[in-house]
Structures are given as structure tokens and as C-alpha cells.
Ligand SMILES: [Ca+2]
Ligand SMILES: [Ca+2]
Ligand SMILES: [Ca+2]
């Protein structure tokens, strides 16, 4: 059998070689592609013969095909997926306008206008009135439902009240007042009008209930609607200039010593005597002191030395009764007694405290 197959392959080889001369071998291949061969039974040599040829008795017929028979048709495939829905089409053109309808029937004739004058009517809110007719210069006629105003309940003429403007509601007869600028009706009584002057009233200064303060060592007032500090009580000063704390600065015990005519007298110093004063200054309030020396002679000279503290060193002026001006911290040696005047010129700023030491050695 294996040899038979080998012979068949040889025959196929022969057939393949013969393709180049297909025209010559065309008779050896049947229309359906079948090739027929006769194979020697003993040697298995084969020869290709035209279809229908009868093999010899020492041969056996062998046929084979170049291509198989056509198969049956395949089964129909499954249906494909449905496609995407397309866009809507464009809107169509509007149709033609319809024809006009027929006119309505004429209304009934109205009543004679002159008959309406004086007849009753009412406003949309129900208020009753009577019909009035007016004729314009051009002849146009108009109709009005005229309402008679109710009689006023207000007094006439209106009363007047102090520092106020009077008004009245005619429907109720209620009289009211509106205060003039700078005045107030604090007690709520109309009869006395707006009795409070906000510009000057110490209990209602600038506004109702705003009282000027009391105390704080000051004298207070209401002026032009504002609380003002008029003056300080004796012994106190408004050193910081602020109104809120009044006269917060208590002056020293030498006050008042504000003028040359009213100096604070410190007494008399004989040789060996000394004193120190402790005082303070308020803005624009000068201090004046005065003392004298005694017991001075050619045998016992007086050496007067006046030494102010540094914070007033530049504002101390010293003079003798004979007009001689002396420099602070300079010794004045005399054989007779003198009267010395010390003037501390108050600065614009506040000085809390200072000292002046006086010696007669
Ligand atoms: Ca009043
Ligand atoms: Ca003050
Ligand atoms: Ca003074």
C-alpha cells in the first residue's frame, strides 16, 4: 500500500511537471478535476490516462481529484445591530392666514346725557357721589363722579405754640406740633409747645436727656448745644485740656500766686537760714514768690543762693527790689538786707512738680 501511494505521488509529480503544457495535458484532466491513472499491479508504476480509458489486466484503475466537490451552502448569518436614529427634519413653512371674521352687531343707543347730571354715582371703592358734566373750550364734554369732601374737624384758625409749627388732621381734628430746629417737646405737652432749648438747657444739652456733668472740680454749662467746661473750682486746673475728666490737676498750696501783685510770701532769712519750696505749674499760670533777708552787715555778709530744679531752670527770673536781676545758681553777696522776687513763667505744657532751694549763708 505504501508503495502504491509512492507511485501515486510520482504520477502527481508527472502531472505537476505537465502543468506548463496544460494545453497538451488538458485531455488528462476531466472537467470536474478528476485525474485517472492505470497502476501496474506488480511495479506500481502508473500512467495517467484520459478519463474513461480501460486499464490493462495487469493494471489497476486509480482516480484522484485536484479539487473537492462544491460543499453545501452555509447557514444564514444573524441580523446586524440597528443603526442610530437620524436627526429630525426641518420645520415646514407656515400655512396661509385665514380670512377675517364678520363684523359684530351695533350696540344700543345710550341715554340722553343731560339727564345724568346730578344723578347718583359711586367711585370704584364704593364712595357715593353725583354726576357732574363739564364742557371744555373746544367743546369736548367729560363726566365726573363728584365726591363732596367731608367737613374739616380742625379749629380755624389753627392755634400756635412756642417754638413749633402746628398741623391738624381734618378727618380727626387732631392737632400736632413739629418743633423748630434746636428745640424739643420734652414734657409731651402741646400747650407749652417745644419748651426745651437744646442749645442751652443743662439737662438736655444738644439732645434730650444729655445732662451736663457735675463735680470733677469744674463748673459746667451747655453752650450751642455742647457741654463745655466753663472754669475750674479753686485749687484745681484742667492741666490736660480734656473735658471728660474735668479739672483733674490739684494745684499747690501757694496758689493763687499768679501776678507780681499777689506773690506767695516765704518770709525772711537771716544768715545761716534756708528753705525749700515744692510747687507745680499748670499751663499759662505763672507762679510768683517773694522773700527777704535780714541780719546782713559788713561784719556779717549775706550770701543769697537761689537754685531751681532742672525742669524750671530756664523759666525762673529773679529780681531784687532795687531792680537788680540775678541769675539762678549765682550767689548774691550783700551787706544789707534785700527783698527778692522769684517769677516762674508758666510754659504752655504742663509741669508736674518743681523745687526751688534758697539759702542765706
Ligand atoms: Ca411741651
Ligand atoms: Ca481735664
Ligand atoms: Ca500760680
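Testing residue 314 on (1) part of a strand (DSSP E or B); (2) more than 16 Å from ligand 3 (Cβ to nearest atom); (3) modelled with pLDDT under 95, one condition comes back false. Which one is that?
All conditions pass for residue 314, except number (1).
Among the residues of the range 263-272, are any modelled with pLDDT under 95 and either in the same structural domain as residue 234 (by TED's automatic domain parsing) or closer than 30 Å to residue 216 by Cβ (or both)?
No, there is no match, as no residue in the range 263-272 is modelled with pLDDT under 95 and either in the same structural domain as residue 234 (by TED's automatic domain parsing) or closer than 30 Å to residue 216 by Cβ (or both).
What strands (runs of 3 or more DSSP E), lying completely within the range 129-231, carry at least 3 residues that are within 16 Å of ligand 1 (Cβ to nearest atom) and in contact (Cβ under 8 Å) with a residue 24 or more places away in the chain?
It comes to none.
For residue 279, all conditions in the list (1) within 16 Å of ligand 3 (Cβ to nearest atom); (2) in a loop (DSSP other than H, G, I, E, B); (3) buried (at least 17 other Cβ atoms within 10 Å of the Cβ); (4) at pLDDT 90 or above hold save one; what is the number of the exception?
For residue 279, the failing item is (2).
Listed here are the residues, each with its yes/no results for (1) at pLDDT below 95; (2) surrounded by 14 or more Cβ atoms within 10 Å (Cβ to Cβ).
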| residue | (1), (2) |
| --- | --- |
| 203 | no, no |
| 214 | yes, no |
| 222 | no, yes |
| 225 | no, yes |
| 232 | yes, yes |
| 235 | yes, yes |
| 244 | yes, no |
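Name, by its number, the condition in (1) surrounded by 13 or more Cβ atoms within 10 Å (Cβ to Cβ); (2) part of a loop (DSSP other than H, G, I, E, B); (3) modelled with pLDDT of 95 or more that does not hold for residue 252.
So residue 252 meets the others, but not (3).
Restricting to the range 298-334, and then to whatever is surrounded by fewer than 16 Cβ atoms within 10 Å (Cβ to Cβ) and under 14 Å from residue 269 (Cα atoms), can you tell me which residue is farthest from the chain's Cα centre (by Cα)?
Applying the filter and picking the extreme gives 300.
Check 173, 182, 188 and return the single one that is surrounded by 14 or more Cβ atoms within 10 Å (Cβ to Cβ), away from ligand 2 (no atom under 16 Å from the Cβ) and more than 30 Å from residue 115 (Cβ to Cβ).
182
The values are calculated or read from the model by the stated rules, or taken from the named source; none is laboratory data. Here the structure is a predicted model, which means the values were calculated and not measured. Here the Cβ is made from the backbone with ideal geometry for all residues, glycine too, and neighbour counts use every protein chain on show.
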